[in-house]
Amino acid sequence: TNKEGTFKFNGISSGTYQVVITMVGYTSAKQNVIVQNKPETVSMVLGEKQIILNEVIIGDKAARAKHLKTFIKYFMGESSNAKACKIINPDVIEFSTTKGVLMATTPDFLIIENSNLGYSIKYLLKSFSYNTPRDITLYDGDCVFEPLTGTAEQQGKWNKNRKTTYEGSLMHYLRSVFSNTAHTEGFLTYAIIGNTYPITINPNEVPTEQIVRHLDSNFIAFKYKYRFYTIFDKKKAAKLMTMTDATSEFIDDLPSNASILWVDSQIDRRGSYADYKNLLIQGAWGRKRLGDQLPLEYVPN
């Protein structure tokens, strides 16, 4: 910044972004910004970091190893991509436990290498908690992706794995909804009736152009505030099938290619949403963690 603390980003294309400011000794600040066809000014102030100690149970090296194993499982995920991730500096993770809840933070960026997707990830972990009795995971942080360098053979492998990871992902779905190509790209979308369980599905496919509105040339938003049931199945989509071959009621244990989505946020052409707090995902998308994450700049060949 200059002496007044100002900084300017030039050449930013229209879309949704997060401005994140971090500094040692201060609480980090984050703000969502929607950039359209004019300059945007953001004013942010960092507060002094107050160190408040929770109840901490100190254990030996075996206890820390157990905590790290739990952390990796619920933060990285359990997919093949997640298992290929390696935390280069696990010593920066600070663990604490209280009443069956494992908590973790990092004062500095975690450095993670994903050898399946070919990225080095810097992740500033603001909070992480895993509630063992309730089997609930919550985490929040900010990350930066940097492509790894490798041989032509490695690059080919990474490109293939990235495309496989992208296909059927939430990013892929939101981008296809934006471009009105969801069905042709293999997604089938159905309305969920009510809020009861087992989940009741309207068996008639909903064309995505009927459930979103274009706010302008850069943003869309979902018209309706109820949940949608989405299946990624290219063969079914190619046959233009409805769900006449399936029951209209589904239990919580969804098929492996099915997800539930509720979103109340502006979405740009990259599949980025303005407010992550107004997003609910379950099923296939809900099982994807950091190990299956791609940068918003990713475009498949």
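The values are calculated or read from the model by the stated rules, or taken from the named source; none is laboratory data. None of these values were measured; they are calculated from a predicted model. Don't worry about glycine lacking a Cβ; one is built from the backbone with ideal geometry, like all the others, and counts go over all protein chains shown. When the accessible area is computed, the model is the full protein with side chains, heavy atoms only, and any ligands, DNA or RNA have been set aside. Shrake-Rupley method; radii C 1.70, N 1.55, O 1.52, S 1.80 Å.
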request  = Restricting attention to region 130-145, report how many residues are loosely packed, with under 12 Cβ neighbours inside 10 Å and in contact (Cβ under 8 Å) with a residue 24 or more places away in the chain.
outcome  = 1
request  = Go through the residues of region 14-22 one by one and say whether even a single one is over 23 Å from the mean Cα position of the chain (by Cα) and either assigned to a strand (DSSP E or B) or more than 30 Å from ARG175 (Cα to Cα) (or both).
outcome  = no
message = Restricting to region 283-301, name every residue that is open to solvent by less than 60 Å² (accessible area, probe 1.4 Å) and more than 18 Å from VAL144 (Cα to Cα).
response = GLY283, ALA284, TRP285, GLY286, PRO300
remark   = Pairing a residue in region 6-32 that is in contact (Cβ under 8 Å) with a residue 60 or more places away in the chain and under 19 Å from ASP142 (Cα atoms) with any residue that is open to solvent by less than 60 Å² (accessible area, probe 1.4 Å) and of a type in the set (Phe, Trp, Tyr), where Cβ atoms lie under 8 Å and the two sit 6 or more apart in sequence or on different chains, gives THR16/PHE219
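Here is a yes/no grid of residues against (1) surrounded by 10 or more Cβ atoms within 10 Å (Cβ to Cβ); (2) modelled with pLDDT under 80; (3) touching a Pro at 6+ places or on another chain (Cβ under 7 Å):
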site: THR6; (1), (2), (3): no, no, no
site: ASN10; (1), (2), (3): no, no, no
site: TYR17; (1), (2), (3): yes, no, no
site: THR27; (1), (2), (3): yes, yes, no
site: GLN31; (1), (2), (3): yes, no, no
site: GLN36; (1), (2), (3): yes, no, no
site: LEU46; (1), (2), (3): yes, no, no
site: ILE51; (1), (2), (3): no, yes, no
site: ALA62; (1), (2), (3): no, no, no
ask   = How many residues does region 97-110 contain that are open to solvent by 20 Å² or more (accessible area, probe 1.4 Å) and farther than 18 Å from LEU124 by Cβ?
value = 5
request  = Just one of (1) of a type in the set (A, V, I, L, M); (2) open to solvent by 20 Å² or more (accessible area, probe 1.4 Å); (3) over 19 Å from the mean Cα position of the chain (by Cα) trips up ILE211, so point out which.
outcome  = (2)
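For every residue, the table says whether it meets (1) part of a strand (DSSP E or B); (2) surrounded by fewer than 18 Cβ atoms within 10 Å (Cβ to Cβ); (3) among the charged types (D, E, K, R).
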position	(1), (2), (3)
LEU117	no, no, no
LYS160	no, yes, yes
LEU174	no, no, no
ALA182	no, no, no
LEU188	yes, no, no
query = Counting residues that are within 30 Å of LYS160 (Cα to Cα), which strands (runs of 3 or more DSSP E) fully inside region 66-105 reach at least 3?
reply = 85-87
Filter result (farther than 17 Å from SER127 by Cβ and open to solvent by less than 40 Å² (accessible area, probe 1.4 Å)) within region 64-86 = GLY77, SER79, ASN81, ALA82, ALA84, CYS85
request  = Tell me, yes or no, whether region 248-258 has at least one residue that is β-branched (Val, Ile, Thr) and modelled with pLDDT of 85 or more.
outcome  = no
key: Leading residue by the ranking (modelled with the highest pLDDT) among those in region 119-128 that are surrounded by fewer than 17 Cβ atoms within 10 Å (Cβ to Cβ) and within 23 Å of TYR26 (Cβ to Cβ)   = LYS122
ask   = Restricting the search to region 120-143, which residues are more than 16 Å from the chain's Cα centre (by Cα) and either part of a strand (DSSP E or B) or hydrophobic (A, V, I, L, M, F, W, C) (or both)?
value = SER120, SER129, TYR130, ASN131, ILE136
ask   = Of the residues that sit in region 214-238 and are outside any loop (DSSP other than H, G, I, E, B), farther than 13 Å from PHE178 by Cα and open to solvent by 50 Å² or more (accessible area, probe 1.4 Å), which one is modelled with the lowest pLDDT?
value = ALA238
remark   = Output for Cβ contacts, cut-off 6 Å, separation at least six or different chains, first residue within 15 Å of ILE281 (Cβ to Cβ) in region 202-231, second open to solvent by 50 Å² or more (accessible area, probe 1.4 Å) and not in a loop (DSSP other than H, G, I, E, B), reads ARG227/TRP262
